[in-house]
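The values are calculated or read from the model by the stated rules, or taken from the named source; none is laboratory data. Treat the numbers as computed from the prediction; the structure is a model and nothing was measured. Neighbour counts are summed over all protein chains in view; Cβ atoms, including those assigned to glycine, are modelled from backbone coordinates with ideal geometry.
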Amino acid sequence: MGLVKTEPSGQAAPERERRRRGRSPDDLLRQLSDPDPTARRWAARDLSAHPEAAHALADALERERDPAVREALLDALAAIGGETVAERLVPLLRSEDAALRNAVIEVLQGMPEAVAPHMARLLADPDPDMRIFAADICRSLPHPDTPRWLAELLGRESHVNVVGTALDVLAEIGGPEELPALRAVAERFAGEPFIAFSAKVAIRRIEEARA
């Protein structure tokens, strides 16, 4: 009786199928539209090694609804990074999908140089929600100009929720250079207890940090 060939332990059927598929860039791009979410997920992962696929990955992200595939697409775009990826991801901050918005913010925070040219426009967007999202990006954006951007925002901002978000972020990342803007906004919003309190908290944290 002949031996029956078995698959290596733990190798699931979708993985076996993936290994049988073509793995050229063109094959992978086609598989981004495969009905099988496992095929789409593995195609996204493998395309992370192909920067020229950034637009196709972004297109796929805009239509993808499977959480695992979406995560793979975002991981691939984060791995590619650069200006093209930033330009494609920034518009997704307007998505009605909160989970997608939050994931996009995390990816953008990891590409400070590519995101920096967009920040002035985002922080001046007519939509206060967009200004809030931009302030949230600043929270973990390792760029030297981030505190200054938020201080400039405070100097002109009138929306209470935007001001509150900027103050919350500056309490974490602000330095002595931002103290004049913080004191000015505390005075300007003296009639808003929450804003006045948040400004005082940010000022105290910065002063204590440099003491």
* To do: Can you confirm whether the range 13-28 contains a residue that is at pLDDT 95 or above, surrounded by 15 or more Cβ atoms within 10 Å (Cβ to Cβ) and of a type outside the set (Val, Ile, Thr)?
  => yes
* Structure fact -> For the range 51-68, pairs from a residue that is within 14 Å of residue 28 (Cβ to Cβ) and free of Cβ contacts under 8 Å to residues at least 60 places away in the same chain to a residue that is of a type in the set (A, V, I, L, M) and outside any helix (DSSP H, G or I), with Cβ under 9 Å and 6 or more apart or across chains, are 53/32; 56/32; 57/32; 59/32; 60/32
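Quick check on residue 198: is it among the hydroxyl-bearing types (Ser, Thr, Tyr) and touching a helix residue (DSSP H, G or I) at 6+ places or on another chain (Cβ under 6 Å)?
Numbers: among the hydroxyl-bearing types (Ser, Thr, Tyr): yes; touching a helix residue (DSSP H, G or I) at 6+ places or on another chain (Cβ under 6 Å): yes.
It is true that residue 198 is among the hydroxyl-bearing types (Ser, Thr, Tyr) and touching a helix residue (DSSP H, G or I) at 6+ places or on another chain (Cβ under 6 Å).
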* Can you find even one residue in the range 170-181 that is touching a Ser or Thr at 6+ places or on another chain (Cβ under 8 Å), surrounded by fewer than 22 Cβ atoms within 10 Å (Cβ to Cβ) and more than 23 Å from residue 90 (Cβ to Cβ)? -> yes
* Asked: Being crowded, with 22+ Cβ neighbours inside 10 Å and more than 30 Å from residue 191 (Cβ to Cβ), is that true of even one residue in the range 145-153?
  -> no
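Out of everything in the range 182-211 that is acidic (Asp, Glu) and under 18 Å from residue 158 (Cβ atoms), what residue ends up being surrounded by the fewest Cβ atoms within 10 Å (Cβ to Cβ)?
Of all residues in the range 182-211, those acidic (Asp, Glu) come to 187, 192, 207-208.
Those left that are additionally under 18 Å from residue 158 (Cβ atoms): 187, 192.
Details: 187: 10, 192: 16.
Of everything passing the filter in the range 182-211, 187 is surrounded by the fewest Cβ atoms within 10 Å (Cβ to Cβ).
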* Structure fact -> Log entry, pairs with first residue in the range 174-194 being over 19 Å from residue 149 (Cα atoms), second being aromatic (Phe, Trp, Tyr), beta carbons closer than 6 Å, six or more apart or on different chains, reads none
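Please list, ordered by residue number, the helices (runs of 4 or more DSSP H) wholly in the range 118-211 having 2 or more residues that are among the basic types (Lys, Arg) and within 21 Å of residue 103 (Cα to Cα). Give the steps one after another, and end with the answer.
On the way: elements: 128-139, 146-156, 160-173, 179-188, 193-210.
By residue number, 128-139.
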* To do: Kindly provide the set of residues from the range 95-124 that are surrounded by fewer than 16 Cβ atoms within 10 Å (Cβ to Cβ) and under 20 Å from residue 149 (Cβ atoms), ordered by number.
  => 106, 110, 113, 117, 120, 121, 124
